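Trainee: Mind looking over this structure? Questions follow.
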Amino acid sequence: MQTGNIEMRVHLVYAHPEPKSFCAAMKDTTVACLAEARHQVTVSDLYAERFNPVASSADFAMRRDASYLSYALEQRYAVEQDAIAPDVAREVERALAADILILVFPVFWFSLPAILKGWIDRVLSGLFYGGRRFYGRGPMAGRRAIIIASMGARSHMFGTGAIRGEIEPMFRHLSRGTLGYVGYTVVEPFWAFHVPYITDEARNLELVRLREHLARLNSLASPCIPDLDDYDRECRPIFATPRYERRL
């Protein structure tokens, strides 16, 4: 994971209510791996910090337009006026300071926990996109993000013809519609399957596999993200088949 003598700044957002969970072990393993590689790590433990996941007008001590709430516009204005809620300001600062963003969470209902979705709603807004500032032109372009998640399902339940279908489209809303949208290069995720039902020995092997995955962080593949040069000003495709689809 080392990049010469350069230390990377990493922010890990963790969302699990149980401190003794396997998710917590994945978080601790990830932090340890990063520390061993001499990276600088900050952690947001959303449940432990009682992070408020509800976006509302209460997030702004000063309003640009008190008669109508446009959350993204008000957030940009509040940041400029130093009038944003302290918990949001802290998370925005952590995210903007990091070269790599890591999300660690359990899969709930084919998606992510509500508290983590609330972190996205309140933090990755306003400053992180707008106008033509998205995908490769987003503010986080040049930085990486990785998803590390656990679930109860078995690995064979995902794939072509499998009972739950392909796993990548299931989380495209997060990898492409959220992280990729604000500019991150989203690298290959880590999935831990059937976690509540396997032995402690098997869980330990999963943590070994996680360490091996993180050791390849600099070489992990990333999905193709649309290139805005393939689209006109109104985001209509210029080519019959956009170049990113031809690379899939």
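Conditions tested, residue by residue: (1) closer than 30 Å to Glu80 by Cα; (2) outside any helix (DSSP H, G or I); (3) in contact (Cβ under 8 Å) with a residue 60 or more places away in the chain; (4) over 12 Å from the mean Cα position of the chain (by Cα).
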| residue | (1), (2), (3), (4) |
| --- | --- |
| Trp119 | yes, no, yes, no |
| Pro139 | yes, yes, no, yes |
| Gly161 | no, yes, no, yes |
| Arg164 | no, yes, no, yes |
| Pro169 | no, no, no, yes |
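Trainee: Counting only residues that are assigned to a helix (DSSP H, G or I) and among the β-branched types (Val, Ile, Thr), which one in segment 78-94 is nearest to the chain's Cα centre (by Cα)?
Mentor: Val92
Trainee: Right, another one. Inside segment 13-52, can you point out the residues that are of a type in the set (A, V, I, L, M, F, W, C), closer than 19 Å to Ala215 by Cα and either in contact with a Leu (Cβ under 7 Å, 6 or more places away or on another chain) or part of a loop (DSSP other than H, G, I, E, B) (or both)?
Mentor: Ala25, Met26, Val31, Cys33, Ala37, Val41
Trainee: If Arg94 satisfies all but one of (1) farther than 27 Å from Leu207 by Cα; (2) out of contact with any helix residue (DSSP H, G or I) (no Cβ under 7 Å at 6 or more places or on another chain), what's the number of the condition it fails?
Mentor: Arg94 satisfies all of (1) farther than 27 Å from Leu207 by Cα; (2) out of contact with any helix residue (DSSP H, G or I) (no Cβ under 7 Å at 6 or more places or on another chain) except (1).
Trainee: Could you please let me know if Asp87 is surrounded by 14 or more Cβ atoms within 10 Å (Cβ to Cβ), without any contact (Cβ under 8 Å) to a residue 60 or more places away in the chain and among the acidic types (Asp, Glu)?
Mentor: yes
Trainee: How many of the residues in segment 3-33 are among the acidic types (Asp, Glu) and either modelled with pLDDT of 95 or more or closer than 23 Å to Phe51 by Cα (or both)?
Mentor: Adding up the residues that qualify gives 2.
Trainee: Which of the residues spanning segment 53-77 are assigned to a loop (DSSP other than H, G, I, E, B) and charged (D, E, K, R)?
Mentor: Arg63, Arg64, Asp65
The values are calculated or read from the model by the stated rules, or taken from the named source; none is laboratory data. This one's a predicted model, so the numbers in the text were calculated from it and none came from an experiment. Reconstructed Cβ throughout: ideal geometry from the backbone, glycine too, with neighbour counts over all protein chains shown.
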